[in-house]
Amino acid sequence: MTSFATMIEAIPLFAMIRDGGWTMWLIAALSVVTLAVVLWKICSLWQLGVWGGRHSQRALELWTQGQQRQALAEVKGRPSARARVAQAAIGTTLDPSIDEKTAREETSRIARQTLFRAREGLRALELIATIAPLLGLLGTVLGMISAFQVLQEAGSRADPSALAGGIWEALLTTAAGMTVAIPAGVALSWLESVVDKLQADMEDLATRIFVKAPVAGQPAARHLEAAE
């Protein structure tokens with residue numbers, strides 16, 4: 001155990017965390033959380049199919065060509081976000097028991113659920129990007145207080161090199177906080193842009209489906225028969 005602890009302390013990164021005090025440990029923990037959240041969000045968005053959309057676009061093409069049954073089959077049961085919205089819009093439009101207002105409301109409900117899933121975890125990144133530099137500043141302030149306390153106690157016998165060393169260690173926390181906050185902010189902006197594009201695509205998809213809906217007053221079943 002002693003040799004392992006000595007080896008860990010010999011690593012510059014761990015030595016910096018140790019010298020920076022308890023705020024450095026918090027910032028190090030935030031860095032791990034940031035990496036975990038970003039990786040989880042990428043996997044989650046991948047499962048939602050935010051970088052896809054082939055089936056929904058194909059369904060829209062079939063829908064505009066009047067092939068309603070084929071359009072519904074193209075997206076039915078698919079887990080991607082755009083396909084779920086397309087399925088809701090097409091399915092409710094072709095249901096003779098559902099009027100247009102109800103169809104739009106149901107499609108909006110599905111879209112809101114999907115967007116909620118897509119935005120999960122973004123608040124955590126926003127919080128990390130906000131508090132990481134503040135923790136770094138707090139660590140620096142506490143370190144400066146300690147350094148000047150030592151200077152006051154030493155009086156005229158104060159060693160400038162010792163004061164400089166204390167200030168150097170205190171400034172570590174500010175640098176560490178910014179090192180965590182900057183990637184977190186960049187990742188947050190990128191993920192938000194991905195979700196915003198998904199939202200715009202779903203709104204456009206649903207609108208185009210409703211605009212090309214079967215003629216009012218004509219039963220949906222008749223349209224399905226014509227599409228066969």
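The values are calculated or read from the model by the stated rules, or taken from the named source; none is laboratory data. Since this is a predicted model, take the numbers as computed values, not measurements. With ideal geometry, Cβ positions are generated from the backbone for all residues, glycine too; neighbour counts draw on all protein chains shown. What goes into the accessible areas is simple: the full protein's heavy atoms, side chains included, and nothing from ligands, DNA or RNA. Shrake-Rupley method; radii C 1.70, N 1.55, O 1.52, S 1.80 Å.
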Tally up the carbon and sulfur contribution to the accessible surface of segment 73-154 as a whole percent, 1.4 Å probe, everything protein left in place.
-> 59 percent
Which distance in Å, rounded to a whole number, links the C-alpha centroids of segment 19-88 and segment 95-117?
-> 19 Å
May I ask you to list the trypsin sites (Lys or Arg not before Pro) in segment 42-93 that are in a DSSP loop and have at most 16 other Cβ atoms within 10 Å of their Cβ?
-> 76
Where a ≥ b ≥ c are root eigenvalues of the Cα gyration tensor, a/c under 1.5 meaning rounded, otherwise prolate if a/b exceeds b/c and oblate otherwise, segment 31-107 counts as prolate
Tell me which lysines have Cα within less than 16 Å of residue 212's Cα, excluding those fewer than 8 residues away on the same chain?
-> 101
Low-density loop trypsin sites (Lys or Arg not before Pro), segment 91-152, at most 10 other Cβ within 10 Å, DSSP non-H/G/I/E/B, are none
Can you list the GluC sites (Glu not before Pro) in segment 100-137 that are in a DSSP coil and have 15 or fewer other beta carbons within 10 angstrom?
-> 120
